[in-house]
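**Student:** One structure follows; several queries about it will come next.
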Amino acid sequence: MPDNRLTARTTPNQPATAVEVAGEYIGGAAFTVIAGPCSVEGRDMLLRTAIAVRGSGARLLRGGAFKPRTSPYAFRGLGHAALELLAQTREATGLPIVTELMDARDIDAVSAVADVIQIGARNMQNFSLLAAVGERRMPVLLKRGMSATVSELLLAAEHIMAHGNANVILCERGIRTFETATRNTLDIASIPVLKRETHLPVIVDPSHAAGRADLVPALAAAAVAVGADGLIVEVHPDPATALSDGAQSLTLDGFDAMMRTLAPLAAICGRRLDLPIEVPSGVALGAESVRGETAHAALRVCA
Ligand code: PEP
Ligand code: MN
C-alpha cells in the first residue's frame, strides 16, 4: 500500500478539504468553474474573455503564460509579458488567476500574479517542481499526468503536502489510451475513486480530455454528475485563430450556453453553481432596486 499519510481520507467520514482561493472555497458546497484561454495571447483577448466568462458564472480566470508544447516550433506563450497582462486583468475584473509554472526558476514571478499555481500534466512527476510549490503556502492545481495512475497522482500530491503545502487541488484531464476519437480519454471513474480515497478537492478539465469543443459540454455535465468539485475549461473569443488549443476551446457564447445547462444539473446533484443573472433596468430585486446591474442568484430546479 502506498504511504498516502497526508492525502488519504483516513476514515470514510473525514470531512473534505476545501482550498481557499482569494476568499472562495474549492471543494465546499459550491461547484467552481475556472475558465479562460489556453494561452494569454494579448491584452484585449484576455480582458474580453475574462469579462465574458465572469458574466457567465466563472469564478477564476485561467491563462497560460509559459506553455508546454510538444513541438519546439509551436507558440510557447508570452512568458513574463503574459504574467503582466494577467495581473492587469485580475485588477480590472477581480477574477483570481490560475496559471502554469513550468520551471522552478519562475516561481517568484508566477506566484506574484497567480492565486493558484498550475502544475501541468507533463510535470506531474517533476519532483523538484513539486518540492518548490510545496515550500509555498499557495494553492496548487495538480493535473494528472497523461500516463499516470490515480495512485501516482495522489503520491505527486503527497510530495507537495510533505513539503508543507496542504492547499492542493487535483485535476483529471484525460489519460492516453488506444482510443483516437478524443485527444485523451476522460477517466470519469477516477473522480469518484479520488473522492473516496482523498479529502482533497477534485476538478475536471473536459477541454484537454476531449480535444474537441463539441464534446466539452457533455464531459462537463458528466463531471458534475459524478461529484467533481469544479471544472477548468478553455474559452477563446475566436477559437479558429487561437495560438494554442483552438479546436478544444469554447466560444464565449458556447461557454455561456454550457453554464446554463450545468447550473440546474449542479442543483440536482446538491451543488451550488451561482450564475450572474442580468436584471433588467429598474427592476426591484428584494428590497433593492437594481439598475441594469448583474445580481447573483442561485438557479435551483429542486427545493
Ligand atoms: C493547459 O492547461 O493548457 C495544459 C497544457 O494542460 P495539461 O498540462 O493538462 O496538458
Ligand atoms: Mn491548453
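The values are calculated or read from the model by the stated rules, or taken from the named source; none is laboratory data. This one's a predicted model, so the numbers in the text were calculated from it and none came from an experiment. Here Cβ is always computed from backbone atoms with ideal geometry, including for glycine, and neighbour counts include all displayed protein chains.
**Student:** Kindly provide the set of residues from segment 59-73 that are crowded, with 17+ Cβ neighbours inside 10 Å and more than 16 Å from ligand 2 (Cβ to nearest atom), ordered by number. Can you show your working first?
**Tutor:** Taking segment 59-73 first, the residues crowded, with 17+ Cβ neighbours inside 10 Å are 59-67.
Passing the criteria: only ARG59.
**Student:** Taking only segment 169-198 into account, find how many residues are more than 21 Å from ALA218 (Cβ to Cβ) and under 18 Å from the mean Cα position of the chain (by Cα).
**Tutor:** 2
**Student:** Same structure, new question: Is at least one residue of segment 131-143 touching a Phe, Trp or Tyr at 6+ places or on another chain (Cβ under 6 Å) and either modelled with pLDDT of 95 or more or within 16 Å of ligand 2 (Cβ to nearest atom) (or both)?
**Tutor:** Step one: list which residues in segment 131-143 are touching a Phe, Trp or Tyr at 6+ places or on another chain (Cβ under 6 Å), which gives none.
Checking segment 131-143: not a single residue is touching a Phe, Trp or Tyr at 6+ places or on another chain (Cβ under 6 Å) and either modelled with pLDDT of 95 or more or within 16 Å of ligand 2 (Cβ to nearest atom) (or both).
**Student:** Condition check: small (Gly, Ala, Ser) and away from ligand 1 (no atom under 16 Å from the Cβ). Does ALA189 satisfy that?
**Tutor:** Yes; evaluated as a whole, the condition is true for this residue.
**Student:** Does segment 244-276 hold any residues that are more than 16 Å from ligand 1 (Cβ to nearest atom), among the hydrophobic types (A, V, I, L, M, F, W, C) and either in contact with a helix residue (DSSP H, G or I) (Cβ under 7 Å, 6 or more places away or on another chain) or more than 18 Å from VAL226 (Cα to Cα) (or both), and which are they?
**Tutor:** At the first step, the residues of segment 244-276 found to be more than 16 Å from ligand 1 (Cβ to nearest atom) are 251-254, 256-276.
Filter again for among the hydrophobic types (A, V, I, L, M, F, W, C), leaving 252, 257-259, 262-263, 265-269, 273, 275.
LEU252, ALA257, MET258, LEU262, LEU265, ALA266, CYS269, LEU273, LEU275, listed by residue number.
**Student:** Report whether or not LEU186 is in contact with a strand residue (DSSP E or B) (Cβ under 9 Å, 6 or more places away or on another chain) and in contact (Cβ under 8 Å) with a residue 24 or more places away in the chain. Walk me through it before giving the result.
**Tutor:** Numbers: in contact with a strand residue (DSSP E or B) (Cβ under 9 Å, 6 or more places away or on another chain): yes; in contact (Cβ under 8 Å) with a residue 24 or more places away in the chain: yes.
Taking the combined requirement at face value, the residue satisfies it.
**Student:** Within segment 208-230, can you find the residues that are within 12 Å of ligand 1 (Cβ to nearest atom) and touching a residue at least 60 places away in the same chain (Cβ under 8 Å)?
**Tutor:** HIS208
**Student:** Report the residue count in segment 108-121 for those that are touching a strand residue (DSSP E or B) at 6+ places or on another chain (Cβ under 9 Å) and in a helix (DSSP H, G or I).
**Tutor:** We begin by selecting, within segment 108-121, every residue touching a strand residue (DSSP E or B) at 6+ places or on another chain (Cβ under 9 Å); these are 110-111, 113-121.
From the residues that got through so far, the ones that are in a helix (DSSP H, G or I) too are 110-111, 113, 121.
The total comes to 4.
**Student:** Something else about it: If the requirement is being modelled with pLDDT of 95 or more, under 16 Å from the mean Cα position of the chain (by Cα) and surrounded by fewer than 24 Cβ atoms within 10 Å (Cβ to Cβ), which of these qualifies: ARG43, ARG54, ARG76? Spell out the reasoning first.
**Tutor:** Details: ARG43 fails: under 16 Å from the mean Cα position of the chain (by Cα); ARG76 fails: under 16 Å from the mean Cα position of the chain (by Cα).
Just a single option satisfies the conditions, and that option is ARG54.
**Student:** Cβ-Cβ distance below 6 Å, separation of 6 or more or different chains: which pairs start in segment 27-53 with a residue that is on the phi > 0 side of the Ramachandran plot and free of Cβ contacts under 8 Å to residues at least 12 places away in the same chain and end on one that is buried (at least 24 other Cβ atoms within 10 Å of the Cβ) and of a type in the set (A, V, I, L, M)?
**Tutor:** From residues that are on the phi > 0 side of the Ramachandran plot and free of Cβ contacts under 8 Å to residues at least 12 places away in the same chain, there are no pairs.
**Student:** Mind checking which residues of segment 133-175 are crowded, with 21+ Cβ neighbours inside 10 Å, out of contact with any Lys or Arg (no Cβ under 8 Å at 6 or more places or on another chain) and closer than 30 Å to GLY211 by Cβ?
**Tutor:** VAL133, PRO139, VAL140, LEU141, LEU142, LEU154, ALA156, ALA157, HIS159, ILE160, VAL168, ILE169
**Student:** Also: Pick from PHE255, PHE178: which is part of a helix (DSSP H, G or I) and of a type in the set (Phe, Trp, Tyr)? Give the derivation first.
**Tutor:** Details: PHE178 fails: part of a helix (DSSP H, G or I).
Just one listed residue meets the conditions, PHE255.
**Student:** Which numbered condition trips up ILE203, out of (1) touching a Cys at 6+ places or on another chain (Cβ under 8 Å); (2) within 20 Å of ALA121 (Cβ to Cβ); (3) part of a loop (DSSP other than H, G, I, E, B)?
**Tutor:** It is condition (3) that ILE203 fails.
Matching residues to (1) more than 16 Å from ligand 2 (Cβ to nearest atom); (2) in contact with a helix residue (DSSP H, G or I) (Cβ under 8 Å, 6 or more places away or on another chain); (3) within 17 Å of GLY254 (Cα to Cα):
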{"site": "MET1", "(1), (2), (3)": "yes, no, no"}
{"site": "ARG9", "(1), (2), (3)": "yes, yes, no"}
{"site": "GLU24", "(1), (2), (3)": "yes, no, no"}
{"site": "ALA35", "(1), (2), (3)": "no, yes, yes"}
{"site": "ASP44", "(1), (2), (3)": "yes, no, no"}
